[in-house]
Amino acid sequence: MLFADVSLMSKLISAAQASTYVCHLNRHGDLLFLFPSSLAGPSSEMETSTPPGLKALGAPTVVEDEIDQYLSRQDGKIYRSRDPQLCRHGPLGKCVHCVPLEPFDEDYLNHLEPPVKHMSFHAYIRKLTGGADKGKFVALENISCKIKSGCEGHLPWPNGICTKCQPSAITLNRQKYRHVDNIMFENHTVADRFLDFWRRTGSQHLGYLYGRYTEHKDIPLGVRAEVAAIYEPPQIGTQNSLELLEDPKAEVVDEIAAKLGLRKVGWIFTDLVSEDTRKGTVRYSRNKDTYFLSAEECITAGDFQNKHPNICRLSPDGHFGSKFVTAVATGGPDNQVHFEGYQVSNQCMALVRDECLLPCKDAPELGYVKESSSEQYVPDVFYKDLDKFGNEITQLARPLPVEYLIIDITTTFPKDPVYTFSISQNPFPIENRDVLGETQDFHSLATYLSQSTSAVFLDTISDFHLLLFLVTNEVMPLQDSISLLLEAVRTRNEELAQTWKKSEQWATIEQLCSTVGVQLPGLQEYGAVGGPSHAAAAAMWACQHCTFMNQPGTGHCEMCSLPRT
């Protein structure tokens, strides 16, 4: 079908009328607009539908996170009460002194205590979409440092390059917004158990933060990362280094966390050096005179953020930035352990993703942008600085101060602790702590269950590390039959927990625990097997020397003839 203008609002021209219309074109530059007949229709339909190109360019079909969907529906404005001294109007009127402020108002953010240097990401979106066009043409473009493919006008790099395929030079600027505005640990126990590794070994340690994203009400349209548990992957740590090993259980951990209503929201590592063991103080090493994050840590944070992109409907790629956070346990100005939160900017993410940024060997506070080679073209990266006369100058990022790449995030603990998982005086061992002599096996499980002081089964079983052991152990993994228990823990439903407690899987777990010589309290009272045979099996004992299962009432092992004790 042919139309007289691109808005499709003019009278429709049929195929029979097309030749007549073409013959009457008597002005230079007259245009015809051809569209498939399936798109043709009454003008009223055209007015209410979305223009064909808008969705593909600026609004791809993606499902954003729940917190993003919630904040996008909020008003976000900062409402102010009537000022009795400055306002001269009635109670129903508004003036410049009491009219609501926009969530991106810089003066308001700067006068908060403490001042907020970065507006929230949703406030930044409101700023982009607050004009007369309501953000109709807003598109959040991801930075690319690679040569665009498909350019056929010349030979491929390094034999040729043109302005069409060459990536633009990058000038590093302070990012005005941040995707996460606060990191909050649910309670001190979560952080203390993580720090316990450094206290006992003196070696640095790393963990992944599992939690959820919620609204941060202290900042307009802010996002908070709430940490409910810390998973510690396989790693090798020393007093001044960390090496992260391949984790075969990573996907299973993410799957179990998702069924518990949690997700991986960040990572945490320690940088602690004891200063006085008698006073319990640590060295204050990260400050404005040294660095807050080293270049190597910025590159690692950028890699994590690239692996966990933020789903965004305003980006042509369907994602923009990341809500993945970095937490550092280090010494503070008072020589006590402090938790500091950071993210790296979207510019840093692009440099890391396209392998353009390197750390400096002898200066941890400096990075270095690679030079172009025959294998890779690297665009020029600049940053602005002040010379000795106070003039602003542009410097090439070789080397690069990493503070241009860092966004700081406040890290807090709540006044009223929250407990997604139960807290025990004798908790279940944490995974991958074999160097401390703590192992996750059925002996440690039996010991934990026998020492549990809670009479409620749900409180006993609500331990993140215990649930991971039940799913990932090699003897009897319960990955296919633990969904009901995970739902009970997520919803705090004791009835569901009791239902799963009567299953055959839990009875088998009890059998395995009884073979290690630890008698569980009330073992004959619950379980799916029950009866005399269950009681007899529970009384069997394992030889400490050869592990043979012996019948009750015997004092010597039937296999190796050694005494029971």
Q. With r defined as the distance between the Cβ atoms of Cys360 and Thr453 and R0 fixed at 60 Å, what FRET efficiency is calculated, to the nearest 0.05?
A. 0.70
**Q.** Percentage, to the nearest whole number, of Cα pairs in the range 66-130 over 14 Å apart
**A.** 64
(Q) Given all pairs of different Cα atoms, what value in angstroms does the Kirkwood hydrodynamic radius of the range 243-338 take? (A) 16.1
Q: Would you tell me the accessible area of Phe457, worked out with a 1.4 angstrom probe on the heavy atoms of the protein chains, in Å² to the nearest 10?
A: 20
Q.
Can you say what percent of the DSSP beta bridges in the chain, counting only those with both residues inside, are antiparallel? Round to 5.
A. 75
Q. Could you sort Ser322, Ser72 by accessible area so the largest value comes first, with the probe set to 1.4 Å?
A. Ser72, Ser322
Q) Between Gln239 and Cys162, what FRET efficiency follows from the Cβ-Cβ distance if R0 is 51 Å, with the result rounded to 0.05? A) 0.50
Q: Quick one: accessible surface of Arg200, probe radius 1.4 Å, all protein chains present, in square angstrom to the nearest 10.
A: 120
Q. To the nearest Å, what is the center-to-center distance of the range 196-230 and the range 139-168, using C-alpha atoms only?
A. 39
Q: Mind listing the long-range amide H neighbours of Val381? Cut-off is under 5 Å, sequence gap 5 or more, other chains count too, H placed in the peptide plane at 1.01 Å from N.
A: Ile170, Ala397
Q. Once every DSSP H run of n ≥ 4 in the chain is given -39500 (n - 2.57) and the sum is divided by its residues, what mean residue ellipticity at 222 nm do you get, rounded to the nearest 500 deg cm²/dmol?
A. -7500 deg cm²/dmol
Q: Would you pull out the residues with amide H under 5 Å of Gln235's amide H, same chain only if 5 or more places away, H placed 1.01 Å from N?
A: Leu245
Q.
Using only the Cα atoms of the chain, what are the Rg and Dmax in Å?
A. 31.2, 113
**Q.** Charge context of Arg313, other residues only, Cβ under 9 angstrom, K/R +1, D/E -1
**A.** -2
Q. Once Lys and Arg get +1 and Asp and Glu get -1 on their Cβ, which of Leu400, Ala191, His118 lies farthest toward the positive end of the dipole of the chain?
A. His118
(Q) Need the list of lysines near Lys148 for cross-linking: C-alpha distance under 24 angstrom, and skip anything on the same chain fewer than eight residues off. (A) Lys55, Lys164, Lys307, Lys370
Q | Phi-based couplings in Hz for the range 89-98 (Karplus 6.51, -1.76, 1.60; Gly and Pro marked x) | A | 10, x, x, 9, x, 9, 9, 5, 8, 9
Q) Carbon-plus-sulfur fraction of the accessible area of the range 66-130, 1.4 Å probe, in percent? A) 52
Q. In Å², what does the accessible area per residue of the range 253-406 work out to with a 1.4 Å probe?
A. 46
Q: Using the heavy atoms of the protein chains and a 1.4 angstrom probe, tell me the accessible area per residue for the range 434-516 in square angstrom.
A: 44
Q: Can you list which of the GluC sites (Glu not before Pro) found in the range 226-293 are DSSP loop residues with at most 16 other C-beta atoms within 10 Å?
A: Glu246
Q: Can you work out the PRE-style zone for Gln544? Point 7 Å along Cα to Cβ, and I want the residues of the range 426-455 with backbone N under 17 Å.
A: 443-444, 447
**Q.** the range 363-422: chymotrypsin sites (Phe, Trp or Tyr not before Pro) falling in loop per DSSP and having at most 14 other Cβ within 10 Å
**A.** Phe389, Tyr419
Q: Report the semi-axes of the equivalent ellipsoid for the range 170-412 in whole Å, largest first, where each axis is √(5λ) for an eigenvalue λ of the Cα gyration tensor.
A: 29, 24, 19
Q | Percent accessible area from carbon and sulfur atoms, the range 340-384, protein chains only, probe 1.4 Å | A | 47
Q: May I ask you to evaluate 6.51 cos²θ - 1.76 cosθ + 1.60, the Karplus curve with θ = phi - 60°, for each residue of the range 385-393 and list the ³J(HN,Hα) values in order in whole Hz, giving x for glycine and proline?
A: 9, 10, 7, 5, 9, x, 8, 7, 10
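The values are calculated or read from the model by the stated rules, or taken from the named source; none is laboratory data. All figures in this text were calculated on a predicted structure; none of them were measured in a lab. Neighbour counts are summed over all protein chains in view; Cβ atoms, including those assigned to glycine, are modelled from backbone coordinates with ideal geometry. Side chains included, ligands, DNA and RNA excluded: accessible areas come from the protein's heavy atoms. Shrake-Rupley method; radii C 1.70, N 1.55, O 1.52, S 1.80 Å.
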